[in-house]
Amino acid sequence: MAGETAEISLRVLAPLPPLSEVVFLRKESRDFIAGHGPIPAGRSPRVLRFFRVATAVFAIAGTALSLAALGWAVASGQPLAEMNEFFLMSGPLLLAVALIYYGFSFAMQRQANKERRLSEGGGLLPGELVSTRFRNTDDANNVLRLEYRFAQPGGEAAIRKKDFPRHDLNPKSPPPPGSKLLILYVDEQLWQVL
């Protein structure tokens, strides 16, 4: 056990089981706790970058088209009601799309901030698997529904359920109840099962 805990490069908040007994939901988690890789991200940074760029492009295009329609109406002296409906609506529609893309990028940035806080300030706690259930989705993914328990640093027991759309577990042979887990813990509102 001493050799296995020497592999851990993160803060340890409570005695941990041997790593050979721990079930990791994603293979990258073992590398992360050993200091050999980043925390397994929920989304690629490229996806966040794409949504940010798309938000800017749609916002600029929507603003430009809206201003062009307004400028055309003022310059021509034509009332807005008599102008081409497509020309009038394209600017606000692009701004609406930009708002939707901004919502996605905002949610992804919040998740990235949580992952950063976890990797910079998190400590490891032992956890235990209570139950697993796999659920097929429309896109043929197996979403893992996990119920687990762990003791928070103050000693208070916590039992939680969470869906994991990204995992490396085989749906045909899920880990049994009682399997050991590791929890990356920052505070009562922020933790993650590794």
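Bear in mind these aren't lab numbers, they're just calculated from the coordinates by the rules spelled out. The shown structure was predicted, so the numbers you read here are calculated from the model rather than taken from an experiment. Because the Cβ atoms are built from the backbone with ideal geometry, glycine has one as well, and the counts that use them run over all protein chains shown.
Can you show me the helix-derived [θ] at 222 nm for the chain, built from DSSP H runs with n ≥ 4 at -39,500 (n - 2.57) apiece and divided by the number of residues, rounded to the nearest 500. It would help to have the intermediate numbers written out before the result.
Numbers: 4 runs with 80 residues, N = 194.
After summing the helix terms and dividing by the residues of the chain, the value is -14000 deg cm²/dmol.
Listing Arg26, Arg135 from the residue with the fewest other Cβ atoms within 10 Å to the one with the most, what is the order?
Arg135, Arg26
Once Lys and Arg get +1 and Asp and Glu get -1 on their Cβ, which of Ile60, Gly91, Pro17 lies farthest toward the positive end of the dipole of the chain?
Pro17
Measuring from label point to label point, each 7 Å out along Cα→Cβ, what is the Val130 to Gln111 span in nm?
Here the answer is 2.4 nm between the modelled labels.
Once label points are set 7 Å from the Cα along Cα→Cβ at both Val143 and Glu7, what is their separation, rounded to one decimal in nm?
It works out to 3.2 nm between the two label points.
Which value, in debye to the nearest 20, describes the size of the charge dipole of the chain about its Cα centre when Lys and Arg Cβ atoms bear +1, Asp and Glu Cβ atoms bear -1, and nothing else is charged?
Numbers: 22 positive and 18 negative charges, 46 e Å.
Value, rounded to 20: 220 debye.
From the C-alpha gyration tensor of the chain, pull out the three semi-axes of the equivalent ellipsoid (sqrt of 5λ each), sorted largest to smallest, in whole Å.
49, 18, 14
I'd like to know which of Ser105, Leu144, Pro174 lies farthest towards the positive end of the charge dipole of the chain, counting +1 on Cβ of Lys and Arg and -1 on Cβ of Asp and Glu.
Pro174
Can you give the angle from 0 to 90° between the axis of helix 85-121 and the longest principal axis of the chain, with both taken from C-alpha atoms, to the nearest 10?
20 degrees
Using 0.36 nm per residue of separation minus the Cα-Cα distance, give me the extension gain between Asp163 and Val47 in nm, one decimal.
That works out to 39.7 nm of additional length.
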